[in-house]
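Okay, structure first, notes after.
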Amino acid sequence: MEVLRQRRSPKAPADHNKAPSDFMKTIAVYNLKGGVGKTATAVNIAYLSACSGQPTLLWDFDAQAAASWYFQVENSKRKKASKLIKDKLALGELIQGTGYDRLDIIPSDMSNRNIDVNLTGVSGGKLDSWLSMLSETYGVLVLDCPPTLSELALRILKAADAVLITMIPTHLSFETYRHVTEMMEQKKIDLAKLYPVLTMIDRRKSIHQEFTASCKKTLGKTPIGFVPYCSDVEKMGEFREPLPVFAPRSPATLAYQLLWDNIRKKALRRR
Ligand SMILES: Nc1ncnc2c1ncn2[C@@H]1O[C@H](COP(=O)(O)OP(=O)(O)OP(=O)(O)O)[C@@H](O)[C@H]1O
Ligand SMILES: [Mg+2]
């Protein structure tokens, strides 16, 4: 794995050389349950995507702005995320560099907390037109979604090429997964693009062992990734960097690398 250790200081978006004919792949990281490793997954796979040579954009849709915080990026007062929906700001004005090669971010802020209210009544084509604009520059778009079952979530689930559902191997997580699949079925969203990712797996816990072993039967799908419980992931908050940058040999880095390889091979190739 080529690890981009050198971080550039300025926050201007990078100048990417993407051939216009390459289609952009959109990966949403979602679960309506909170605290299940969505942001950690979105940040690390976006970074690994950029390392693999793809011009990559991470779009932070969560008003908690955790992904933006990990990259030490924030919106200025003039450039609040909500202005995009009200057409008071062009999409390009929200894009910032992360300091890592080939990796940009659209940060979030508290104004995103009303994004669902603001989206209601806005045509579904709006998200599509943003994605089509971004596809001129980026090969991969990673969306870090808030833990809500909302208008925004539905539109993202519809538009994405792959939806990673991160979950801790417990009864409640599997129940939530079932709710997500039911909701997608109701809305006629293709379930084939749904990929479970087990996170925070603690092999000392028998319940985690049991669920990890039996999840194919329980979920009807083999998870596309298995991320162990590992204190290095928590240190992302201390270093405010993606995990592979400061802990390249961590078992969790390896797990995210395997996840990214699987996403490329299984989730993105089929579409
Ligand atoms: N594999 C892991 N091992 C240990 N801790 C982890 C792991 N993955 C995530 N965490 C920690 O768990 C907490 C929640 O993770 P994260 O913020 O990624 O979840 P989330 O689903 O995005 O939460 P929210 O729904 O609030 O947005 C964080 O403190 C993070 O550092
Ligand atoms: Mg999050």
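The values are calculated or read from the model by the stated rules, or taken from the named source; none is laboratory data. Everything numeric in this text was worked out from a predicted model, so none of it was measured. A quick note on method: Cβ atoms are made from the backbone with ideal geometry, for glycine too, and the neighbour counts reach across all protein chains shown. The area values use the complete protein model at the heavy-atom level, side chains included, leaving out ligands, DNA and RNA. Shrake-Rupley method; radii C 1.70, N 1.55, O 1.52, S 1.80 Å.
Hey, what does the equivalent ellipsoid look like for the range 25-268, semi-axes from the Cα gyration tensor as sqrt of 5 times each eigenvalue, largest first, whole Å?
The three semi-axes for the range 25-268 are 27, 22, 16 Å.
Roughly how big is the chain's charge dipole about its Cα centre, with Cβ charges of +1 (Lys, Arg) and -1 (Asp, Glu), in debye to the nearest 20?
Around 280 debye, computed over the chain.
By how many nm would the segment from S129 to E175 grow when fully extended, if each residue of separation counts as 0.36 nm and the alpha-carbon distance is taken off?
Full extension from S129 to E175 adds 13.2 nm.
Give the percent of DSSP beta bridges with both residues in the chain that are antiparallel, rounded to the nearest 5. Don't skip to the end; give the middle numbers.
Numbers: 2 of 28 bridges.
Counting only bridges with both partners in the chain, antiparallel ones make up about 5 percent.
Please compute the net charge surrounding F211, taking Lys and Arg as +1 and Asp and Glu as -1 over other residues with Cβ under 13 Å from its Cβ. Numbers along the way, then the final one.
Numbers: positive: R203, K205, K216, K217; negative: E175, D202, E210.
Taking every Cβ under 13 Å from that of F211, the sum is +1.
Once you put a point 7 Å from the Cα of K83 and another 7 Å from the Cα of E185, both along the Cβ direction, what distance in nm separates them?
Modelled inter-label distance: 4.5 nm.
Span-like helices, the chain: DSSP H, alpha-carbon axial extent 15 Å or more, mean Kyte-Doolittle -0.5 or greater, which ones? Provide the component values of the computation, followed by the final result.
Values: long enough: 38-51 (20 Å, 0.81); 171-186 (23 Å, -0.86); 206-219 (18 Å, -0.40); 251-262 (16 Å, 0.00).
Counting only whole DSSP H runs, the qualifying helices are 38-51, 206-219, 251-262.
Given a Förster radius of 41 Å and the C-beta distance between F246 and A192 as r, what FRET efficiency does 1/(1 + (r/R0)^6) yield to the nearest 0.05? Before the final figure, lay out the partial values.
Numbers: r = 36 Å, r/R0 = 0.87.
It comes out at approximately 0.70.
Give the carbon-plus-sulfur fraction of the accessible surface of the range 15-74 in %, rounded to a whole number; probe 1.4 Å, heavy atoms of protein chains only. Kindly include the intermediate steps, with their values, before the conclusion.
Working: 940 of 2060 Å².
In the range 15-74, the share of accessible area belonging to carbon and sulfur is 46 percent.
Assuming R0 = 25 Å, what is the FRET efficiency of I207 and Q72, from their Cβ-Cβ distance, to the nearest 0.05? Provide the component values of the computation, followed by the final result.
Numbers: r = 37 Å, r/R0 = 1.46.
Calculated value: 0.10.
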